[in-house]
1. Please compute the modelled spin-label separation between Tyr139 and Tyr87, points set 7 Å along Cα→Cβ, answer in nm with one decimal.
2. For the residue pair Lys116 and Ser14, what label-to-label distance in nm results when each label sits 7 Å from Cα along the Cα-to-beta-carbon direction?
3. Give me Rg/Rg_expected for segment 6-136, where Rg uses Cα atoms only and Rg_expected = 2.2 N^0.38 Å with N residues.
4. So, counting K/R as plus one and D/E as minus one, what does the shell of residues with Cβ under 15 Å around Glu24 add up to?
5. Loop-only trypsin sites (Lys or Arg not before Pro) in segment 33-142, please: DSSP not H, G, I, E or B, and at most 14 other Cβ atoms within 10 Å.
6. So how far apart, in nm, are the two label points at Asp53 and Leu79 if each is 7 Å from Cα heading toward Cβ?
7. My understanding is that a pair violates if its Cα-Cα distance is over 31 Å; which of Lys86/Lys111; Lys43/Lys126; Lys43/Lys116 do that in this structure?
8. Considering only the other residues whose Cβ falls under 13 Å of the Cβ of Leu13, what net charge follows from Lys and Arg at +1 and Asp and Glu at -1?
Amino acid sequence: MNNYRFEDLYEDLSVSFEETVTEEMMDAFWLISGDENPLHMKKEFAQSQGYKDRVVYGMLTSSLLSQLVGVHLPGKYCLLQGMELKYLNPVYVGDTLTVKGTVYELHPSVKMAVIKALITNQDGVKVVRGKINVGFLQYEDE
């Protein structure tokens, strides 16, 4: 886990990680969300709608952004305050996603950072993009 402090950040600082979407992740998200839309549950239904397979929950995909800011950038001292997201293309079980965050703006008067986020699949196709506002918790040594 990273522990960037606000003072450590600078514009264009980037961090990325990869995650492969699994059946177990889909099952866990279904249990948590209760979303049983057939687009996510039934391959035949998804195919009848023009998709190659069941579509991964958009919120499951974007939940990786919580890992981005809570673990990677800024990490330990992060307080996620808001997100604006665009879902660009479907994600399927077995896709390996690259999650990248880049510091876009810094607001020193309120210790807030805006992080541009981009999630791409193994083929380089953009699947989610957005902006995340993060504040900072009090540092342990203060």
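Derivation of every value follows stated rules applied to the coordinates shown; laboratory data play no part. Keep in mind the model is a prediction, meaning the values are calculated, not measured. Don't worry about glycine lacking a Cβ; one is built from the backbone with ideal geometry, like all the others, and counts go over all protein chains shown.
1. 4.0
2. Label-label distance for Lys116 and Ser14, simple model: 0.9 nm.
3. Numbers: Rg = 15.9 Å, N = 131, 2.2 N^0.38 = 14.0 Å.
Segment 6-136 yields a ratio of 1.14.
4. On the way: positive: Arg54; negative: Glu19, Glu23, Asp27, Asp95.
Here the count lands on -3.
5. Working: sites: Lys42, Lys43, Lys52, Arg54, Lys76, Lys86, Lys100, Lys111, Lys116, Lys126, Arg129, Lys131; in loops: Lys42, Lys52, Arg54, Lys76, Lys111.
Answer by residue number: Lys42, Lys52.
6. For the pair Asp53/Leu79, the computed spacing is 4.1 nm.
7. Details: Lys86/Lys111 26 Å; Lys43/Lys126 23 Å; Lys43/Lys116 33 Å.
Beyond 31 Å between Cα atoms: Lys43/Lys116.
8. Working: positive: Arg5, Lys100, Lys116; negative: Glu7, Asp8, Glu11, Asp12, Glu105.
Net local charge, Leu13 excluded: -2.
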